[in-house]
Ligand SMILES: Nc1ncnc2c1ncn2[C@@H]1O[C@H](COP(=O)(O)OP(=O)(O)OP(=O)(O)O)[C@@H](O)[C@H]1O
């Protein structure tokens with residue numbers, strides 16, 4: 001569960017807050033999609049939730065630990081260490097040396113689930129693995145880290161179209177199976193429509209649209225694109241429940 005109450009965040013030199021009195025609750029098991037124009041504050045909001053940034057005012061309450069996949073997949077990894085060592089380092093409960101062989105087999109099984117041969121790299125230094133493959137591994141690590149809240153910041157951006165679909169399907173299926181609470185930033189409107197039971201659009205640091213339940217299900221890609229463009233053209237749109 002994520003509960004955000006009147007959170008504001010400004011950066012020096014910007015004439016208005018990047019996040020402006022945002023209030024939002026995301027329930028356990030929700031798969032929430034976050035969209036909005038470049039620079040509207042999406043990544044900042046996730047960094048406030050993960051405590052990388054401190055809010056100027058307002059409160060954020062979480063039930064559960066946070067796992068995140070950021071755009072820079074090297075963040076939080078040790079490139080010289082092997083894939084297995086990096087995965088072990090990322091676990092909320094580090095595997096015991098005594099059970100390392102069993103742990104290694106578990107990781108191999110997890111990597112096999114993606115069915116793209118990543119298990120072959122298990123003893124390779126992370127720096128030998130391509131950017132796209134690392135993005136897949138970072139997602140896998142975050143999903144299986146034992147944390148309950150998953151924050152995904154354009155986590156398929158470095159992947160080719162086939163791998164994007166594969167990773168999106170995997171992410172969606174696993175977050176449901178593990179009952180994680182997820183917020184995913186994307187610029188892909190078809191993914192925004194297809195995945196997630198809730199869709200939030202930020203505009204100039206505020207929640208402009210918040211669709212869930214039947215409203216979300218009824219939404220089509222062309223509707224969403226039209227609303228997106230209307231907001232970017234500074235026109236007021238009615239229809240979404242404003243979160244503020
Ligand atoms: N650490 C920082 N210091 C100063 N300004 C920042 C910092 N982090 C973000 N900003 C500014 O806050 C604004 C929002 O940035 P943010 O990364 O949250 O946008 P975004 O919606 O995720 O954009 P994009 O879709 O392009 O990734 C931008 O103007 C950005 O320059």
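The values are calculated or read from the model by the stated rules, or taken from the named source; none is laboratory data. Just so you know, these numbers come straight off a predicted model, no measurement behind them. Reconstructed Cβ throughout: ideal geometry from the backbone, glycine too, with neighbour counts over all protein chains shown.
Residue 29 satisfies every condition listed in (1) under 19 Å from residue 144 (Cα atoms); (2) outside any loop (DSSP other than H, G, I, E, B); (3) modelled with pLDDT of 90 or more except (2). Across segment 60-77, the qualifying residues are those that are assigned to a loop (DSSP other than H, G, I, E, B) and touching a helix residue (DSSP H, G or I) at 6+ places or on another chain (Cβ under 6 Å), and the one among them that is modelled with the lowest pLDDT is 73. When the test is whether a residue is closer than 27 Å to residue 62 by Cβ, within 16 Å of the ligand (Cβ to nearest atom) and surrounded by fewer than 21 Cβ atoms within 10 Å (Cβ to Cβ), residue 110 does not pass it. Take the conditions (1) modelled with pLDDT of 95 or more; (2) farther than 29 Å from residue 179 by Cβ; (3) in contact with a helix residue (DSSP H, G or I) (Cβ under 6 Å, 6 or more places away or on another chain); residue 57 misses just one of them, which is (3). Considered as a group, the residues in segment 25-53 that are touching a residue at least 24 places away in the same chain (Cβ under 8 Å), within 13 Å of the ligand (Cβ to nearest atom) and over 15 Å from the mean Cα position of the chain (by Cα) include one that is surrounded by the fewest Cβ atoms within 10 Å (Cβ to Cβ), and that residue is 37. Does residue 93 fit the bill of being touching a residue at least 24 places away in the same chain (Cβ under 8 Å) and either more than 14 Å from the ligand (Cβ to nearest atom) or assigned by TED's automatic domain parsing to the domain that holds residue 201 (or both)? Yes, satisfied.
Among the candidates 158, 138, single out the residue that is over 11 Å from residue 34 (Cα atoms) and assigned by TED's automatic domain parsing to the domain that holds residue 2.
After applying the criteria, what remains is 158.
If the condition is being assigned to a strand (DSSP E or B), within 11 Å of the ligand (Cβ to nearest atom) and farther than 23 Å from residue 225 by Cα, then segment 1-24 contributes only 9. Is it fair to say residue 202 is surrounded by 21 or more Cβ atoms within 10 Å (Cβ to Cβ) and within 14 Å of the ligand (Cβ to nearest atom)? For residue 202, the condition - surrounded by 21 or more Cβ atoms within 10 Å (Cβ to Cβ) and within 14 Å of the ligand (Cβ to nearest atom) - is met.
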